[in-house]
Amino acid sequence: MSLEYALINDTSWQSQTEWQTPDTPFMSFAFWQALTDTGAIGEQAGWLPIFILVHRVADATNSADSEGNTDTLVDSAAENTLQPVAVMPVFIKGHHRGEFVFDHAWAEAYARYGVDYYPRLVTSAPYTPITGQRIWLAKGEILNEDILKTAIAGIDDIAQQVGASSWHGLFVTPELASIATTSMPTEIDVELAIAAQESGVESAAIELPIFERQGCQFLWQNKDLLNDRKPFADFDAFLMTLKAKKRKTIRAERRKVSEQGIICQRKCGDAISDADWKAFYHCYVMTYAVRGQQPYLTIDFFMALAASMPEHIMLAQALDASGEIIASSLFLYDRPDSDNVDGDKADVDNNNATLYGRYWGALGEYDSLHFELCYYQGIEFAIEQGLLSFDPGTQGEHKLVRGFIPTTTHSIHRIYDPRFVPAIGDFCARDRLHMAQYRQQAFEALPFNADNMPALKGIDS
């Protein structure tokens, strides 16, 4: 059987087969439906989606019945010969907003040469700098080179139709990055590629390489290295893995919050009221207002999440002495697999449940409140729920000194104008080296005492 692709403008493919559960809430159908229904993705938002459906096509000439007879052949044109295998989302974009992997310098280089960099193609979980799968797989399927190459052929098709300069796969898994970069050539003959494109040879694009960029984010892991890598018993158990000075700093920050008369609380799922959501959104909007910007997401989006996936939502709130909500932080999380739960805690080495810190805002300036609501409340919740790790979001060495471990992120890029391929390939190679040095330096600055230092690869160890 061979693999082919089809380009689809809607989500009708979702009902064509049974799909595997995504590895994060941000690739769940409910999350994407909320984005679509509230206009966060779509033509008006500048995130125009096309779905590449990869399907397996039965070879009718070699088909046989259950007893091995070839007399009863399947019509190769019949609908039941197409077996959905995978779907990759691709967005046509004329901007970079909501991506968090920055290629502005590439756009500027194109502009200097009088070449259009827009539109460009992007595969990502919109507005979400969280590493995860970027291809939905049917039940029983495993991501491999054949599936990815077929999806890339679909990407190239879209790029040719819309005149896209490039394709960018953002915050992809290490597995996908490895398959993509090893299945494509690492170099090209620029003059030959230019001549092929100018002569209209459509297959020339498939010979273009895919480049990898790497970044660094800081993730907290729920593993007590002095206790057989088991989950921490409580927040104090985590603090005891840090150097004394760092423990003192964190305790002082938490004390400052309470000394301001602020009380923090957490609510999950259906316990979050409409009033809570309105208060959260007021805080969320303030994060953008102080920078003179409009928020990417609307209150309707968050209410849609509340209705469709409440089991994945936790809201941390800060209340002043009068009981008014003055700050909020919204988290999404995976629930531990019930098969991996031992007593009240999950077996941290056998479940992939993660807490994701996503959206925060405050109505004023309060000493240490950001650290409390965005980090310490998250750590406490992850410990209580037996979650494997806590991803608090992109950027920030301030996470490092609070026990968040430097971890590699991956993005992959395909450039369609051969003239720019060598320079961008060189940039990506130098950038990977720089980021490796940065992660090494960050690792050496971790606040753990000697007996609790994790492996350099962070939560991947």
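Only one of Ala60, Ala78, Ala105, Ala64 is modelled with pLDDT of 95 or more and aliphatic (A, V, I, L, M); which?
Values: Ala60 fails: modelled with pLDDT of 95 or more; Ala78 fails: modelled with pLDDT of 95 or more; Ala64 fails: modelled with pLDDT of 95 or more.
Sole residue among the options that is modelled with pLDDT of 95 or more and aliphatic (A, V, I, L, M): Ala105.
Within the range 315-329, being touching a residue at least 40 places away in the same chain (Cβ under 8 Å) and part of a loop (DSSP other than H, G, I, E, B) holds for Asp320, Ala321. Looking across Phe420, Phe381, one residue alone is assigned to a helix (DSSP H, G or I), of a type outside the set (Gly, Ala, Ser), under 30 Å from Lys149 (Cβ atoms) and touching a Phe, Trp or Tyr at 6+ places or on another chain (Cβ under 8 Å). It is Phe420.
Each row is one residue, and each column tells you yes or no for (1) of a type in the set (S, T, N, Q); (2) in the same structural domain as Gln83 (by TED's automatic domain parsing); (3) within 16 Å of Cys428 (Cβ to Cβ).
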| residue | (1), (2), (3) |
| --- | --- |
| Gly140 | no, yes, no |
| Leu148 | no, yes, no |
| Ala153 | no, yes, no |
| Trp167 | no, yes, yes |
| Ala177 | no, yes, yes |
| Val190 | no, yes, no |
| Asn227 | yes, no, no |
| Lys230 | no, no, no |
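Restricting to the range 256-275, name every residue that is of a type in the set (A, V, I, L, M), crowded, with 16+ Cβ neighbours inside 10 Å and either within 27 Å of the chain's Cα centre (by Cα) or not in a helix (DSSP H, G or I) (or both).
Scanning the range 256-275 gives Ile262, Ile272.
The values are calculated or read from the model by the stated rules, or taken from the named source; none is laboratory data. In this text, all values refer to a predicted model and were calculated from it rather than measured experimentally. Positions of Cβ are generated from backbone atoms using ideal geometry, with glycine treated the same way; all protein chains shown enter the neighbour counts.
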